[in-house]
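**Q** Below: one structure in structure tokens.
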Amino acid sequence: MKSKLLTVILIFIISSLTAQSISEIKKNSTPIYGRMTGEYTPDREQFEKIKNILEEDVFTYFNLENQYNSELKKKVYKASEEFKKKSDLLKELKVELLKEDFYLDFQPSYYERNNLIEYDLDKNSFTVANKVSIYLLCEKENFIQFGRILVKPIPGLSINKNKYTAANGGVYVDQYISFIINNEKIALKIEENRSNLKLLFNFKFANIFPYPSSIVESSKLGLVTDLESVIAYNSKTNEIYHIYIKNE
């Protein structure tokens, strides 16, 4: 019974998403801003704001670090009524943030090279590349990474392998992301319009995750997401090829 109920729920979600256009889906969510510079680089200001809210970091979020620049000053300020008000406000912002829907509109790192994506007949899938700076890579978890935004693959998507490459004066890891397309007619459409392929990641933020770097003696702070769906679509026509939904 539970399995049948889950199937019905998933069919309803997919039908609801399919009924919407790409523009409608984006309109109802908050974009993650970023740019492609060999790798996907999220907007620093937006990233820091989200991080500070998830950390509930009063001093950083309200730009108080210079004013309270010693542990003693911070300790005294934390006992004040003003700190309590700011802390309560930040908690409220965190509750709202965790409810908010976000999307990241991803284009493969070889976007301009039209001949590098082909349908794998044996696996019924396509594979695209995503560059991550070697200094940001989280190797111990199975995450798709957009800078320090961490995404766990959902059914139909997987990370095949990581390959180290040098480009633009830096060292990167090429993450190879595969997505299954069982319908060969749809697969042919994607193959014939591959330079217009995009993947729309739809998610909520879940928490922060300190992870060790294998390259330098330090740790990085990642923003972990709860991935709800991924939409493969044509960025020129906005035709939706396939929608991948998280299993509950």
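**Q** Taking the condition of being over 22 Å from residue 34 (Cα atoms) and of a type in the set (S, T, N, Q), how many residues in the range 132-141 meet it?
**A** 0
**Q** For the range 68-81, which residues satisfy the criterion of being out of contact with any helix residue (DSSP H, G or I) (no Cβ under 6 Å at 6 or more places or on another chain) and part of a helix (DSSP H, G or I)?
**A** If the condition is that a residue be out of contact with any helix residue (DSSP H, G or I) (no Cβ under 6 Å at 6 or more places or on another chain) and part of a helix (DSSP H, G or I), then 71, 72, 73, 74, 75, 76, 78, 81 are the ones that fit.
**Q** Given 23, 80, 70, which one is at pLDDT 80 or above, surrounded by fewer than 15 Cβ atoms within 10 Å (Cβ to Cβ), within 30 Å of residue 239 (Cβ to Cβ) and of a type in the set (Gly, Ala, Ser)?
**A** Of 23, 80, 70, the one residue that is at pLDDT 80 or above, surrounded by fewer than 15 Cβ atoms within 10 Å (Cβ to Cβ), within 30 Å of residue 239 (Cβ to Cβ) and of a type in the set (Gly, Ala, Ser) is 23.
Yes/no matrix, rows are residues, columns are (1) part of a strand (DSSP E or B); (2) buried (at least 16 other Cβ atoms within 10 Å of the Cβ); (3) of a type in the set (Phe, Trp, Tyr):
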site: 160; (1), (2), (3): yes, no, no
site: 199; (1), (2), (3): yes, yes, no
site: 207; (1), (2), (3): yes, no, no
site: 211; (1), (2), (3): yes, yes, yes
site: 222; (1), (2), (3): yes, yes, no
site: 225; (1), (2), (3): yes, yes, no
site: 241; (1), (2), (3): yes, yes, yes
site: 244; (1), (2), (3): yes, yes, yes
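**Q** Sticking with this one: Can you find a residue that is closer than 30 Å to residue 182 by Cβ, in contact with a Ser or Thr (Cβ under 9 Å, 6 or more places away or on another chain), at pLDDT 95 or above and not acidic (Asp, Glu) anywhere in the range 89-103?
**A** Looking for residues that are closer than 30 Å to residue 182 by Cβ, in contact with a Ser or Thr (Cβ under 9 Å, 6 or more places away or on another chain), at pLDDT 95 or above and not acidic (Asp, Glu), one finds at least one in the range 89-103, hence yes.
**Q** Here's another thing I want to ask about it. Among the residues of the range 30-51, is there at least one that is over 27 Å from residue 166 (Cα atoms) and hydrophobic (A, V, I, L, M, F, W, C)?
**A** Yes: the range 30-51 contains one or more residues that are over 27 Å from residue 166 (Cα atoms) and hydrophobic (A, V, I, L, M, F, W, C).
**Q** May I pose another question? Determine whether the range 160-181 contains at least one residue that is within 28 Å of residue 30 (Cβ to Cβ) and basic (Lys, Arg).
**A** For the range 160-181, residues within 28 Å of residue 30 (Cβ to Cβ) and basic (Lys, Arg): absent.
**Q** Here's another thing I want to ask about it. Determine which single condition residue 188 fails, assuming it passes every other condition in (1) in a helix (DSSP H, G or I); (2) closer than 20 Å to residue 21 by Cβ.
**A** Only one criterion in (1) in a helix (DSSP H, G or I); (2) closer than 20 Å to residue 21 by Cβ is unmet by residue 188, namely (2).
Each row is one residue, and each column tells you yes or no for (1) hydroxyl-bearing (Ser, Thr, Tyr); (2) part of a helix (DSSP H, G or I); (3) in contact with a Phe, Trp or Tyr (Cβ under 6 Å, 6 or more places away or on another chain); (4) in contact (Cβ under 8 Å) with a residue 40 or more places away in the chain.
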position: 50; (1), (2), (3), (4): no, yes, no, yes
position: 66; (1), (2), (3), (4): no, no, no, no
position: 85; (1), (2), (3), (4): no, yes, no, no
position: 89; (1), (2), (3), (4): no, yes, no, no
position: 104; (1), (2), (3), (4): no, no, yes, yes
position: 108; (1), (2), (3), (4): no, no, no, yes
position: 131; (1), (2), (3), (4): no, no, yes, yes
position: 140; (1), (2), (3), (4): no, no, no, yes
position: 150; (1), (2), (3), (4): no, no, yes, yes
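**Q** Under 28 Å from residue 55 (Cβ atoms), at pLDDT 90 or above and in contact with a strand residue (DSSP E or B) (Cβ under 9 Å, 6 or more places away or on another chain): does that describe residue 126?
**A** So residue 126 fails the test.
**Q** Also, I was wondering about something else. Being under 16 Å from the mean Cα position of the chain (by Cα), surrounded by 15 or more Cβ atoms within 10 Å (Cβ to Cβ) and within 23 Å of residue 124 (Cα to Cα), is that true of even one residue in the range 181-190?
**A** Looking through the range 181-190, none of the residues is under 16 Å from the mean Cα position of the chain (by Cα), surrounded by 15 or more Cβ atoms within 10 Å (Cβ to Cβ) and within 23 Å of residue 124 (Cα to Cα).
**Q** Would a scan of the range 84-93 turn up a residue that is of a type in the set (A, V, I, L, M, F, W, C), assigned by TED's automatic domain parsing to the domain that holds residue 179 and within 22 Å of the chain's Cα centre (by Cα)?
**A** no
Every residue, every condition in (1) among the aromatic types (Phe, Trp, Tyr); (2) modelled with pLDDT under 95; (3) under 18 Å from residue 39 (Cα atoms), yes or no:
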position: 152; (1), (2), (3): no, yes, no
position: 159; (1), (2), (3): no, yes, yes
position: 171; (1), (2), (3): no, yes, yes
position: 175; (1), (2), (3): no, yes, yes
position: 186; (1), (2), (3): no, no, no
position: 232; (1), (2), (3): no, no, no
position: 235; (1), (2), (3): no, yes, no
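**Q** Do we have any residue at all in the range 157-175 that's in contact (Cβ under 8 Å) with a residue 60 or more places away in the chain and under 30 Å from residue 94 (Cα atoms)?
**A** Yes; the residues of the range 157-175 include at least one that is in contact (Cβ under 8 Å) with a residue 60 or more places away in the chain and under 30 Å from residue 94 (Cα atoms).
The values are calculated or read from the model by the stated rules, or taken from the named source; none is laboratory data. Keep in mind the model is a prediction, meaning the values are calculated, not measured. Heads up, the Cβs are rebuilt from the backbone with ideal geometry, glycines too, and the neighbour counts pull from every protein chain shown.
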